[in-house]
């Protein structure tokens, strides 16, 4: 019966981020938070494994104070207990700092049989957390998994790579990163949402993790973040007659030498 | 700290990595070491500018060499590691970065040295924004295929040595099934017709196929069509975790133009959008668009182009 830990990130919903035309800076004032897309798949996968094999699902997140907003949502998705680290250092944390903090927390909370992450976060998409955790914790890592089977301590994963599907087997404990296609995350029922409020959550203070100051010092710093603007012609044909629109479009394509 | 290292298990990508490596060498005046798992790639990497090529033997699973690659870099106190940004490469790169306690930038588009740090251009929020990321040395960066062209041969070839390495034996690979539309590489297509959720049934894709036929284009799609509906093979899906394409013409039919999709096609020369919703973001990303029902527009367009 596997003891699972899912690491997840509370991110801004990129659909709500607007680019300010005057200076191309990002306006995230209206952006709501969400559990990073692929992390929802990781939570779902752990919940599915435990429904089948028994065991337990806990979740862990490192973020700014906003991470608290995620607890009800994540606990309504099948996790039994949430651990959270809210610290201002998360604001500028790079993948190295994130992995250092998560690994230290896992050493404190663990051991776990399966440590699951999404393939990458919706905001930074560094795609580093799972292999970094494996390196820091001395565990094997199965990345980019599209199908996962757990039987006793044997974990079998189908990984989807650019040119092949690869089946890999390992005896746990193991760190796993999942692809979005591995499952369809549940939409929590009202009962699950109400039940989430009764589930335990526990704060871990970053000071209690025994980290050195340099462990919290980001090595990669983002600078000059600017909205991406495409230079396009934006010619839109919207007459009521489809035939007329098509005639104009074909003329345009001909002028570009494309037909 | 000295040494620029490159690694890719993909032969073509390994050669492409030498181009940014040579640029960094010009700034840092440090030698380039190419680490490879392929004996047959070694000579060529040495000819194209690697001062030294280390062939690691002892296994075939690239990810299993992460520890061995780390020890090569740590022994030499290397300052930069460039890794081919395949999924296997990203796995290796992140592992090595953690062992080095180094920063890493993912899918770097341009690299240079500034203030003694590696400065890389990359995208954020699935392509909504671009930023420069400054990574202290030692630094790791992954670079996707075709970001750079392979360099011309160097005046003098580097040395090649072979070392046996201990691969990760904890993981057993039992089966490898090659995937893909054999012979169709949509990243090489000059024209693409991309389909999205506006198509109500799989059979309706015929409308897009017919258009692709007259345009001599290949069919591409959004993530939903490939991964949720399974109407087209995964290799045809364009987007942040799918393919990146730069065709001459990209016709987007019945897709809204979410940033996660557009990041994979926004370097196309001409983008055409067909969508019922005038406010769909695809029109902002398009050169030409038709607001209308694609079930009506596509057959008309196909017929018009056939003439």
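The values are calculated or read from the model by the stated rules, or taken from the named source; none is laboratory data. Just so we're clear, the structure is a prediction, and the values are computed from it rather than from any experiment. Positions of Cβ are backbone-derived with ideal geometry, glycine not excepted, and every protein chain shown enters the neighbour counts.
Here are the numbers for the structure shown:
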read-out	value
Selection from the range B:250-269 of residues that are in a loop (DSSP other than H, G, I, E, B) and at negative phi	B:255, B:256, B:258, B:263, B:264, B:265, B:266, B:267, B:268, B:269
Conditions (1) modelled with pLDDT under 95; (2) over 24 Å from residue B:249 (Cβ atoms); (3) surrounded by fewer than 19 Cβ atoms within 10 Å (Cβ to Cβ): number failed by residue B:201	(1)
Evaluation of residue B:265 against (1) out of contact with any helix residue (DSSP H, G or I) (no Cβ under 8 Å at 6 or more places or on another chain); (2) closer than 19 Å to residue A:239 by Cβ; (3) crowded, with 21+ Cβ neighbours inside 10 Å; (4) more than 8 Å from every other protein chain (Cβ to nearest Cβ) (one fails), failing number	(2)
Wholly enclosed strands (runs of 3 or more DSSP E) of the range B:67-128 bearing at least 1 residues modelled with pLDDT under 95 and facing chain A (nearest Cβ under 7 Å)	B:117-124
Condition check for residue A:56: surrounded by fewer than 23 Cβ atoms within 10 Å (Cβ to Cβ), more than 15 Å from residue A:110 (Cβ to Cβ) and at pLDDT 95 or above	no
Counted residues, the range A:73-95 - those being in contact with a helix residue (DSSP H, G or I) (Cβ under 6 Å, 6 or more places away or on another chain), closer than 14 Å to residue A:192 by Cβ and assigned to a helix (DSSP H, G or I)	1
Yes/no for residue A:70 being outside any strand (DSSP E or B), away from chain B (no Cβ under 11 Å) and within 27 Å of residue A:191 (Cα to Cα)	yes
Tally, over the range A:23-63, of residues that are without any contact (Cβ under 8 Å) to a residue 40 or more places away in the chain, touching a helix residue (DSSP H, G or I) at 6+ places or on another chain (Cβ under 8 Å) and in a loop (DSSP other than H, G, I, E, B)	4
Only one of B:154, B:208, B:145 that is more than 11 Å from every other protein chain (Cβ to nearest Cβ), in a loop (DSSP other than H, G, I, E, B) and in contact (Cβ under 8 Å) with a residue 60 or more places away in the chain	B:154
From B:30, B:16, residue being surrounded by 17 or more Cβ atoms within 10 Å (Cβ to Cβ) and over 19 Å from residue B:142 (Cα atoms)	B:30
Some residue of the range B:243-253 being outside the structural domain of residue B:108 (by TED's automatic domain parsing), surrounded by 21 or more Cβ atoms within 10 Å (Cβ to Cβ) and more than 22 Å from the chain's Cα centre (by Cα)	yes
Matching option when the condition is in contact with a strand residue (DSSP E or B) (Cβ under 6 Å, 6 or more places away or on another chain), assigned to a strand (DSSP E or B) and at pLDDT below 95, among A:170, A:225, A:155	A:225
One residue from B:216, B:202 being more than 9 Å from chain A (Cβ to nearest Cβ) and farther than 30 Å from residue A:182 by Cβ	B:216
Some residue of the range A:26-34 being crowded, with 24+ Cβ neighbours inside 10 Å and under 15 Å from the mean Cα position of the chain (by Cα)	no
Verdict on residue B:256 being more than 8 Å from chain A (Cβ to nearest Cβ) and farther than 24 Å from residue B:107 by Cα	yes
Test: residue in the range B:157-175 that is more than 17 Å from residue B:66 (Cα to Cα), in the same structural domain as residue B:69 (by TED's automatic domain parsing), outside any helix (DSSP H, G or I) and free of Cβ contacts under 8 Å to residues at least 24 places away in the same chain	no
Selection count, the range B:175-193, where residues are farther than 30 Å from residue A:169 by Cβ, surrounded by 14 or more Cβ atoms within 10 Å (Cβ to Cβ) and out of contact with any helix residue (DSSP H, G or I) (no Cβ under 8 Å at 6 or more places or on another chain)	3
Residue satisfying all of: in the range A:188-222; in a loop (DSSP other than H, G, I, E, B) and closer than 30 Å to residue A:161 by Cβ; nearest to the other protein chains (Cβ to nearest Cβ) among these	A:219
